[in-house]
Ligand code: GLA
């Protein structure tokens, strides 16, 4: 993204220029709603990111401007200074989490902007938290590593935004690497870079342009609570089970009838999805993209029918993918709107995009957006 506008705004508001930082949004090939269950995920950072220009201001407050919203905010850095504006809470939260780790954050001026589509399931909020965290850490020499920055981004969501998210989005935004997905074990935080350049295939995102807002309605948090209730029940007879990651389908069956039916079905999805990710990684090692694609369709089915985080628009795009012989397709990210991720044979890309987007527009009277996926680097100074 061209950062000229950010720089112009920064100097017009604050006189001098600051330092520019960026952190990306993400895709996730497979492994959805597994992170907060201690399972695996397979995300990659993308070439769409949040950007910030930042400079210490010698005051005891933050002066912030969100370029894309044309809004400003000013706030102190004590717990009671929590700003009212949604976007400002992300900046404030990161500062507070750093403060809890014993770092005093001096006042600063900041302008933020980005090209990660909001509410599209591409983690614009994690990108913002990571950009701000990375910037403050570098600017004020706070000595955090990337993993710690990711954890503080996640804590910001929990404590200042109200979404009890897992670690996937912030982790990949901080640690992503060009050309590679990351196979992350969300229980141990061990990870491995998995080079991803499927020969003859492309990854295409189609945005339903139906916005998902994970905080609103608390539907995301409810999924997490379902999983936690089931774990608590299983742990009564299997105390070693601390997360659904630790549980088998047989152990789940033992609590059938003892837990709420909806909680049961959701947990079944999670345990299956963790296994699906492992199967997908095996298939990737063999360049077996047909199997990868099949797993993606299975994930969609599970997210839609068992985990209930799809919506008619996403299901429609998934159907279109099947119709055009797309290798794999599914809802990506938290769900309730946003994008489908599609693994498409190169010679089918054009026909699929044309056919699916036209049909979608006809059906819903909404123009969907299409993005090519380019797997890029994580947080950095520009
Ligand atoms: C959101 C959350 C992640 C993860 C996904 C679903 O993106 O922020 O932690 O749970 O949903 O896989």
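Per-structure values
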| read-out | value |
| --- | --- |
| Rounded Å value of the spacing that divides the Cα centres of region 23-56 and region 283-331 | 20 |
| Label-to-label distance, nm, for residues given as residue 347 and residue 8 (7 Å Cα→Cβ offset) | 4.7 |
| Peptides ranked, highest mean first, by Cβ atoms within 10 Å: ranges 297-306, 251-260 | 297-306, 251-260 |
| Overall form of region 201-373 per C-alpha gyration tensor (a/c, 1.5; a/b vs b/c) | oblate |
| Considering only region 201-373, percent of DSSP beta bridges that pair antiparallel, nearest 5 | 95 |
| Equivalent ellipsoid dimensions for region 1-61 as semi-axes, Å, which come from the Cα gyration tensor, largest first | 35, 15, 7 |
| Highest average packing first - 37-47, 103-113, 4-14, 187-197, Cβ atoms within 10 Å | 37-47, 103-113, 4-14, 187-197 |
| Global form of region 276-347, assessed from the alpha-carbon gyration tensor, a/c cut-off 1.5 | oblate |
| Potential extension, residue 222-residue 238 segment - 0.36 nm per residue separation minus Cα distance | 3.4 nm |
| Prolate/oblate/rounded call for region 36-149, Cα gyration tensor, a/c under 1.5 rounded | oblate |
| Beta bridges by DSSP in the chain, antiparallel share as percent, to the nearest 5 | 90 |
| Gain upon complete extension [residue 354, residue 202; 0.36 nm per residue less C-alpha separation] | 53.2 nm |
| Projected label distance in nm at residue 101 and residue 370, using a 7 Å step from Cα toward the beta-carbon | 4.2 |
| Simple spin-label estimate for residue 74 and residue 272 in nanometres, 7 Å along Cα-Cβ | 5.5 |
| Segment residue 323-residue 190, length gained on full extension (0.36 nm per residue, minus Cα span) | 44.0 nm |
| Relative packing of 367-378, 319-330, which averages over residues the other C-beta atoms within 10 Å, highest first | 319-330, 367-378 |
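We did not get these values from a lab; they are worked out from the coordinates using the rules stated. Fair warning: this is a prediction, and the values are worked out from it, not measured in the lab. So basically every Cβ, Gly included, is an ideal-geometry build from the backbone, and we count neighbours across all protein chains shown.
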